[in-house]
1. Go through the range A:84-132 residue by residue and tally those that are small (Gly, Ala, Ser) and without any contact (Cβ under 8 Å) to a residue 40 or more places away in the chain.
2. So which residues in the range B:57-67 are more than 7 Å from chain A (Cβ to nearest Cβ) and either open to solvent by 50 Å² or more (accessible area, probe 1.4 Å) or closer than 14 Å to A:Glu139 by Cα (or both), if there are any at all?
3. Can you name the residue in the range B:43-53 that is within 8 Å of B:Val96 (Cβ to Cβ) and touching a Ser or Thr at 6+ places or on another chain (Cβ under 8 Å) and, of all such residues, is modelled with the highest pLDDT?
4. Which condition number in (1) facing another protein chain (nearest Cβ under 7 Å); (2) open to solvent by 10 Å² or more (accessible area, probe 1.4 Å); (3) touching a residue at least 60 places away in the same chain (Cβ under 8 Å) is the one that A:Leu70 fails?
5. Looking only at the range A:279-311, count how many residues are aromatic (Phe, Trp, Tyr) and either touching a residue at least 60 places away in the same chain (Cβ under 8 Å) or over 24 Å from A:Val96 (Cβ atoms) (or both).
6. If I filter the range B:17-38 down to residues being more than 7 Å from chain A (Cβ to nearest Cβ) and at pLDDT 80 or above, which single residue comes out as nearest to B:Arg196 (Cα to Cα)?
7. What's the number of the condition B:Gly82 fails, among (1) at pLDDT 95 or above; (2) out of contact with any strand residue (DSSP E or B) (no Cβ under 8 Å at 6 or more places or on another chain)?
8. Go over the candidates A:Ile279, A:Ile274 one by one and state the one that is of a type in the set (A, V, I, L, M, F, W, C), under 18 Å from A:Ser193 (Cβ atoms) and in contact with a Ser or Thr (Cβ under 9 Å, 6 or more places away or on another chain).
Number of protein chains: 2
Amino acid sequence: MSESKDAYALAGVDIAAGNAAVAQYRTVLGRWQHPDQLDAIGGFGGLFAMPGDAARALVASTDGVGTKILIAAELQRYDGVGRDLVNHCVNDILVVNASPLFFLDYYAVGKLDPEIAAAVVSGCANACRAHGCALLGGETAEMPGLYAPGHFDLAGTIVGIVDRAAVPNPDDVEPGDAVIGLPAVGLHTNGYSLARALIPQDEWLQPFGDATYADALLAEHPSYFEAVRAIQKVASVKVMAHITGGGLLENLPRTLRPAVKAVLEQSRWQVPAIQQVLIDRGGLTHEECYRTLNMGIGYTLVVPVEDVARAVAAVPGAKTIGWIEARAGEEAQVTIHPARSSD
Amino acid sequence: MSESKDAYALAGVDIAAGNAAVAQYRTVLGRWQHPDQLDAIGGFGGLFAMPGDAARALVASTDGVGTKILIAAELQRYDGVGRDLVNHCVNDILVVNASPLFFLDYYAVGKLDPEIAAAVVSGCANACRAHGCALLGGETAEMPGLYAPGHFDLAGTIVGIVDRAAVPNPDDVEPGDAVIGLPAVGLHTNGYSLARALIPQDEWLQPFGDATYADALLAEHPSYFEAVRAIQKVASVKVMAHITGGGLLENLPRTLRPAVKAVLEQSRWQVPAIQQVLIDRGGLTHEECYRTLNMGIGYTLVVPVEDVARAVAAVPGAKTIGWIEARAGEEAQVTIHPARSSD
């Protein structure tokens with residue numbers, strides 16, 4: 001466990017503070033809830049009753065790119081982060097089965113360079129268009145004193161729509177159901193504070209695999225929209241999860257009811273090479289691996305066993321990664337075999 | 001003009017770069033527009049056809065608090081910036097006559113402190129509740145390396161709804177109409193890079209007026225929602241503008257057609273004392289005053305002359321600040337008398 005604390009401390013990210021902040025927000029927000037605000041399944045996106053349309057809901061989510069932005073800024077590779085951001089947001093609302101309507105970006109810099117700004121926003125625009133989603137607006141803020149020269153931040157908000165009857169229901173999940181995993185192409189948008197701590201900047205342009213560390217680190221966060229819609233055509237999808245910050249250990253349980261657990265077998269899929277570097281260099285424990293990194297699974301879907309073959313055949317790279325089992329008492333809600341050891 | 005460039009350069013904000021970025025965005029975004037994206041009146045909020053409801057539209061806007069955040073952070077006064085942000089967003093979509101449905105925040109820090117985070121989000125939650133608007137979600141990002149210790153950024157996205165028939169139409173504005181101004185209480189959320197350059201931090205806690213410079217600088221961006229609705233009950237409001245970055249000179253024309261201009265008389269309203277300090281210390285030219293600062297007017301409404309008396313009586317502090325006149329050729333679309341001189 002001491003290595004665990006060392007690794008997080010090295011990354012400068014305080015998991016306990018994050019959880020404490022969420023607890024504080026619950027207190028703040030618990031004081032009042034709008035009557036049209038609907039229960040959010042797993043909290044990936046917020047649901048709001050569609051005005052004048054009882055059958056549908058609007059679904060919204062705000063997210064950022066995290067410190068992946070610092071690598072992109074240092075390497076002056078600007079167009080990917082916009083696609084990272086939009087795809088991340090699309091996946092978040094896809095968990096409640098929503099299709100995107102429109103997106104707005106927030107781009108903040110210390111010193112505005114119109115060419116760089118246009119490259120960043122172009123990335124957003126391209127990813128929006130790929131989803132038939134309007135880039136409805138945005139804000140470009142020049143804030144000297146807040147951002148260092150060359151640095152910037154990028155966040156975005158997506159709004160989508162869903163038939164309320166089609167919002168996944170965790171009560172449908174039964175022991176014996178399969179967990180399908182869609183492959184991750186890299187870190188996506190999580191684990192970058194750790195990655196920057198473990199892979200120093202002077203290594204970024206060195207060869208790694210078929211390309212460089214930079215290429216592996218900046219590999220784009222994919223959209224799972226088309227893959228999920230393809231699987232839904234041939235299989236009954238019960239619940240889904242977008243594997244972002246918190247990894248499989250924290251995201252999978254967000255759409256599982258207390259009486260079930262997921263048991264995964266890591267031998268069924270590959271851990272991306274760039275993540276193996278972080279695991280080796282950081283001496284990450286099993287818990288750290290699966291809580292900080294996606295470990296090669298970007299998105300999960302729970303389907304009945306009879307639909308498994310059709311589901312995995314529908315999308316290249318889709319795999320059965322484990323099963324739903326009955327959960328007793330306070331058992332962990334996600335177990336991943338084999339247990340990893342950093343020794 | 002040299003003083004003008006000096007003052008902007010001092011603030012570290014590059015107006016030309018901002019305009020160039022907007023021009024670049026137009027090129028990027030001009031390549032494709034979603035069929036449900038509607039013409040945005042003045043660009044204060046983006047309009048999107050309400051799915052399945054031809055009579056209504058969703059209206060969305062993203063904004064930040066700007067470098068006011070640095071003053072709040074240094075003074076450790078955290079709850080006001082959330083209200084600043086929500087009120088700013090409410091006013092932006094109010095320009096197209098929209099009422100808020102829901103809001104999402106983006107809060108980014110270098111090192112997460114749960115108490116500070118809760119104070120910031122509480123401010124958002126309180127301002128949302130005051131407008132019957134759901135705080136539907138948000139993102140808290142811990143990004144070591146991007147934000148200095150104690151610093152943070154805050155942005156937000158609001159989504160509202162409007163009857164499409166009630167969206168203001170610039171074609172309704174005629175010479176002889178009056179421009180009603182609602183009073184600003186201070187800088188609101190603009191001009192803070194200039195303010196930080198001209199009022200050094202060691203002065204912030206010194207007396208200013210009845211309080212301190214800090215109090216004047218952090219005075220909250222008010223919501224004009226109730227005031228506008230009160231005026232709309234007694235007057236026919238043709239177009240409106242939220243006076244933010246760019247001041248009266250840039251925001252008022254956003255909802256005026258080319259054939260009309262606004263002629264304002266500054267003797268009709270007061271410039272807030274904190275803005276007079278910036279004008280004096282910075283030696284701001286007329287152009288700089290009215291393009292960088294709100295100069296005491298936070299929101300404008302154009303009404304027919306016969307409705308003026310009822311409109312100004314409906315809201316304390318509302319004043320007739322000028323008139324609409326016919327515009328010839330390339331005349332300035334906003335003229336403010338008297339011309340200010342920094343000499």
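1. Result for the range A:84-132: 3.
2. Residue satisfying the conditions is B:Val65 alone.
3. Among residues in the range B:43-53 that are within 8 Å of B:Val96 (Cβ to Cβ) and touching a Ser or Thr at 6+ places or on another chain (Cβ under 8 Å), the one modelled with the highest pLDDT is B:Gly45.
4. Looking at each condition in turn, A:Leu70 falls short on (2).
5. Initially, the range A:279-311 is screened for residues aromatic (Phe, Trp, Tyr), giving A:290, A:299.
Now narrow it down to the ones that are either touching a residue at least 60 places away in the same chain (Cβ under 8 Å) or over 24 Å from A:Val96 (Cβ atoms) (or both): A:299.
Number of matching residues: 1.
6. Out of the qualifying residues, it is B:Asn19.
7. The failed condition is (2).
8. After ruling out the rest, the residue left standing is A:Ile279.
The values are calculated or read from the model by the stated rules, or taken from the named source; none is laboratory data. Predicted, not measured: the structure shown is a model, and the values here were computed from it. Using ideal geometry, Cβ is built from the backbone for each residue, glycine included, and neighbour counts are taken over all protein chains shown. Just so you know, the surface numbers come from the protein's heavy atoms only, side chains and all, with ligands and any DNA or RNA stripped out. Shrake-Rupley method; radii C 1.70, N 1.55, O 1.52, S 1.80 Å.
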